[in-house]
C-alpha cells in the first residue's frame, strides 16, 4: 500500500517504521527537519519536509495515488483538517487520525473519518491491567 | 479495590472516572490543584494535592492499604520512581506505570513492574486500522 503519514513525532515515526518493515511504500511529512531523526535508521521510505495541510505538499507526497493517510501531529485541529482534505478532496480510501480530545473524537467519527483518541484507549488499557 | 493514581492529566483523570463509576475507591494525586478540573463532575473519589514521590504524601493517600497504584504523570522518570516506591517500599500488589520511551519500557518491565508505552501501543493500533 502507498501510505502517507503526517507528523513524525514518536508515534508517527514508529508507525512509519512498522509499515516500512512490512513492505508498504511510506512517505512521512513533518514541518521540522529535525523530527526525522526519530525514524529508524533502516527506514527505506520517503521523508518530506512540509505541511500536510498544504495541497501542493500533499501532491508532492503522492496523495493522488495514496491508499491510506494518517494524521498524527500534536495538534487535533491540524489532524482533523488534513484528514478532511485527504478524504474529501483527494478521495483517499483509508483515512485515520489521532484526536486527543475525546469529545471531539466522537463528533469527528460521526463525520465519517476514523479518529482514534490515545487518551480514551490508553485509560481503558490501564483499567484492564488493574482489574485483570 | 483501593486505587491510587498519580497524575491528573487527561489519561489519569479519565482512568479515575472509569474506576470510580465501577465502585472502586479512588485517590488521585497531582502537584497542581488546577489539574483536578479534568475530573468528571460526578467523581466521588479523593483528589489530593501532593507529589507521589513523597512517602508522606503517599501515606496520606492511603498507600498502606492500596490494592493498586498507577503512575501516569508526563515524566517517565517520575513514574518509574513512584512505581518503585509503591512496589518495593509499600508492597502494593498491583503497580502499573506509563513510560513514553519504548526502550526504557522494556528495561523497566524486566524489573518486575508493569509498564505500558502509549507510543508503542498506539502505533500498533493505527497500523491495525490501516491494514484491516
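The values are calculated or read from the model by the stated rules, or taken from the named source; none is laboratory data. Model, not experiment: these values are computed from the prediction. Please note: Cβ atoms are built from the backbone with ideal geometry, for glycine as well, and neighbour counts cover all protein chains shown.
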Does residue A:70 satisfy the criteria of being under 27 Å from residue B:11 (Cβ atoms), free of Cβ contacts under 8 Å to residues at least 40 places away in the same chain, within 12 Å of chain B (Cβ to nearest Cβ) and not in a helix (DSSP H, G or I)? no
Positions within the stretch A:109-132 being closer than 27 Å to residue B:95 by Cβ and at pLDDT below 85, in sequence order: A:132
In this structure, is residue A:30 buried (at least 17 other Cβ atoms within 10 Å of the Cβ), within 30 Å of residue B:99 (Cβ to Cβ), out of contact with any helix residue (DSSP H, G or I) (no Cβ under 9 Å at 6 or more places or on another chain) and modelled with pLDDT of 95 or more? no
Return the total of residues in the stretch A:58-68 being touching a helix residue (DSSP H, G or I) at 6+ places or on another chain (Cβ under 9 Å) and closer than 17 Å to residue A:84 by Cβ. 5
May I ask you to verify whether residue B:64 is under 20 Å from residue B:1 (Cα atoms), loosely packed, with under 14 Cβ neighbours inside 10 Å, more than 8 Å from chain A (Cβ to nearest Cβ) and free of Cβ contacts under 8 Å to residues at least 40 places away in the same chain? yes
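Okay, residues lined up against (1) within 12 Å of chain B (Cβ to nearest Cβ); (2) surrounded by 15 or more Cβ atoms within 10 Å (Cβ to Cβ):
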residue: A:18; (1), (2): yes, yes
residue: A:23; (1), (2): yes, no
residue: A:47; (1), (2): no, yes
residue: A:59; (1), (2): no, no
residue: A:77; (1), (2): no, no
residue: A:91; (1), (2): no, no
residue: A:95; (1), (2): yes, yes
Which condition from (1) without any contact (Cβ under 8 Å) to a residue 24 or more places away in the chain; (2) within 14 Å of residue B:12 (Cα to Cα); (3) within 14 Å of chain A (Cβ to nearest Cβ) is the one that residue B:102 breaks? (2)
So how many residues does the stretch B:115-132 have that are crowded, with 21+ Cβ neighbours inside 10 Å and outside any helix (DSSP H, G or I)? 2
